[in-house]
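Below is one structure; the comments refer to it alone.
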Amino acid sequence: MNLLDGIIVLDFSQYLAGPSATLRLADLGARVIKIERVNGGDGSRSMQLKNLTVDNDSLLFHTINRNKESFTCDLKNKNDLKMVKRLIAKADVMVENFRPGVMDKIGLGYDIVKEINPKIIYGTVTGYGSEGPWAKKPGQDLLLQSMSGLTWLNGNSDQPPMPFALSITDIYTGVHLSEGILACLFRRFKTGKGGLVQVSLLESILDMQFEVITTYLNDGKKAPKRSSYNNAHAYLSAPYGIYETSDDYIALAMGSVLELGEILGITELKQYSNTESWFDSRDEIKQLIGDKLKTNTAEYWLDILKKSGYWCSDVLNWQQLLESEGFKILDFIQNIKRPNSQDIFTTRCPIKINGKNLKSAKWAPKLGENTESIIEEFKLRGEIQNETT
């Protein structure tokens, strides 16, 4: 279902944040054309996860750039720049994630681009915003997690600051960028006006923490206090956490400590009748729960807890998840491969429209795979020649 059918997106971005946003637009039906350097292209073509490559491009590149086209050019070459400007004139959206000032030097900053195409939606990603002492710092996920305070929420209290083992800053920023672009497109359909959408990795990772930062600001600015035992949330009380059983693990969400004590037969929990103690004494409470749960299997405890309606869950690894009926019914995996290449299994767009999953078998493009066909389709080379005659 191509909700954005007819929308042309020029993607000058690379690595993760910008390309993840344009991937979502592509999944929603937009035509996404990656504008890449002739030599090397998008930096993620060579950025590998576990040294995995397919057709000489990293598996990561295939993952985040499926459903797109590739147009190569040298933006320092006058003729190539003219071609790109002609393409911009026909586009609806443009996305870039260079450091502040780079696109202005190239001649493709927003002020110039909106003169070429007043209706264009111009999306830009920076690390820390376009102004201030941090503006030119490298915008890398781990660095942003570290600077944002996020790492002080993970792990137990006796452990050092701990990052998430995911590129959550990049991906969350991509979500914000696609949201802003879609909002501007909606306004353009109503008013005819284009717009500038600006997001930064720092602002996005701060927004991800809006609950806990708000708590900090309204709690006398007291530092978050991680549990020393089974920490899962610095601001939530017992029993919240993941617990070891005799053979596996289970997760317990928010719930009454007194009720849990009755369900599990932990008489010592009766002394914590004051709900405030569930936070103030959470380590002692969690330890009592943990000791009890180790006396039997995960299946045994989950059966008891589920029958009582207490919020709990298995702790699955990916193999267990993919083999579960609950996952299979989602139809969440798709096979994306280039012609005459090996299979690449990846996830689909998580959005469902009118009961239909959004899938596309279109592969991540080889570097420059669509350059000549795009030049011919949009008559880019001929228009430049007409300009010079």
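The values are calculated or read from the model by the stated rules, or taken from the named source; none is laboratory data. Predicted, not measured: the structure shown is a model, and the values here were computed from it. Reconstructed Cβ throughout: ideal geometry from the backbone, glycine too, with neighbour counts over all protein chains shown.
Suppose the filter is surrounded by 15 or more Cβ atoms within 10 Å (Cβ to Cβ) and either modelled with pLDDT under 95 or charged (D, E, K, R) (or both); does GLU376 pass it? For GLU376, the condition - surrounded by 15 or more Cβ atoms within 10 Å (Cβ to Cβ) and either modelled with pLDDT under 95 or charged (D, E, K, R) (or both) - is not met. In this structure, ILE35 does not qualify as more than 27 Å from ILE168 (Cβ to Cβ), crowded, with 17+ Cβ neighbours inside 10 Å, touching a strand residue (DSSP E or B) at 6+ places or on another chain (Cβ under 8 Å) and touching a residue at least 40 places away in the same chain (Cβ under 8 Å).
Residue-by-condition table, conditions (1) among the β-branched types (Val, Ile, Thr); (2) out of contact with any helix residue (DSSP H, G or I) (no Cβ under 9 Å at 6 or more places or on another chain); (3) modelled with pLDDT of 95 or more:
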residue	(1), (2), (3)
CYS73	no, no, yes
MET83	no, no, yes
ILE112	yes, no, yes
GLU131	no, yes, no
GLY155	no, yes, yes
VAL175	yes, no, yes
ILE181	yes, no, yes
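State which residue is nearest to the chain's Cα centre (by Cα) when the search covers only the range 362-382 and only residues that are farther than 23 Å from PHE345 by Cα and among the hydrophobic types (A, V, I, L, M, F, W, C). Among those that are farther than 23 Å from PHE345 by Cα and among the hydrophobic types (A, V, I, L, M, F, W, C), it is ILE374. No other residue among GLY241, GLY265 is more than 35 Å from the chain's Cα centre (by Cα), touching a residue at least 12 places away in the same chain (Cβ under 8 Å) and closer than 30 Å to GLN320 by Cα apart from GLY265. Among the residues of the range 338-352, those that are touching a residue at least 40 places away in the same chain (Cβ under 8 Å) and farther than 17 Å from SER178 by Cα comprise ARG338, SER341, GLN342, ILE344, THR346.
Considering the conditions (1) under 21 Å from the mean Cα position of the chain (by Cα); (2) modelled with pLDDT of 95 or more; (3) not in a helix (DSSP H, G or I), LYS359 is excluded by exactly one of them, (2). Within the range 159-168, is there a residue that is closer than 15 Å to SER13 by Cα and assigned to a helix (DSSP H, G or I)? Checking the range 159-168: not a single residue is closer than 15 Å to SER13 by Cα and assigned to a helix (DSSP H, G or I). Count of the range 15-63 residues, restricted to those that are farther than 24 Å from ASP74 by Cα, more than 15 Å from the chain's Cα centre (by Cα) and among the polar types (S, T, N, Q), is 3. Selection of the range 63-102 for residues being touching a Phe, Trp or Tyr at 6+ places or on another chain (Cβ under 8 Å) and over 26 Å from GLU376 (Cα atoms) yields ASN97, PHE98. Annotation note: Cβ proximity below 7 Å between a residue of the range 283-304 that is over 8 Å from THR245 (Cα atoms) and a residue that is assigned to a helix (DSSP H, G or I) and of a type in the set (D, E, K, R) (sequence gap 6+ or interchain) occurs for LEU288/GLU268.
ASP111 passes every criterion in (1) surrounded by 21 or more Cβ atoms within 10 Å (Cβ to Cβ); (2) more than 15 Å from the chain's Cα centre (by Cα); (3) of a type outside the set (Val, Ile, Thr) apart from (1).
Condition check for GLU211 on (1) more than 27 Å from TYR15 (Cβ to Cβ); (2) under 19 Å from the mean Cα position of the chain (by Cα); (3) surrounded by 16 or more Cβ atoms within 10 Å (Cβ to Cβ): one failure, at (3). Only a single item in (1) surrounded by 14 or more Cβ atoms within 10 Å (Cβ to Cβ); (2) among the charged types (D, E, K, R); (3) part of a helix (DSSP H, G or I) is not met by ASP104, and it is number (1). If you go through the range 116-140 and pick out every residue that is part of a loop (DSSP other than H, G, I, E, B), of a type outside the set (Gly, Ala, Ser) and either without any contact (Cβ under 8 Å) to a residue 40 or more places away in the chain or under 13 Å from SER200 (Cα atoms) (or both), you end up with 8. The set of residues in the range 140-173 that are aliphatic (A, V, I, L, M) and within 11 Å of ARG226 (Cα to Cα) contains only LEU153.
The set of residues in the range 141-150 that are over 11 Å from GLN209 (Cα atoms) and without any contact (Cβ under 8 Å) to a residue 60 or more places away in the chain comprises LEU142, LEU143, SER146, MET147. PRO365: at pLDDT 95 or above, closer than 26 Å to ILE64 by Cβ and touching a Lys or Arg at 6+ places or on another chain (Cβ under 7 Å), yes or no? Taking the combined requirement at face value, the residue satisfies it.
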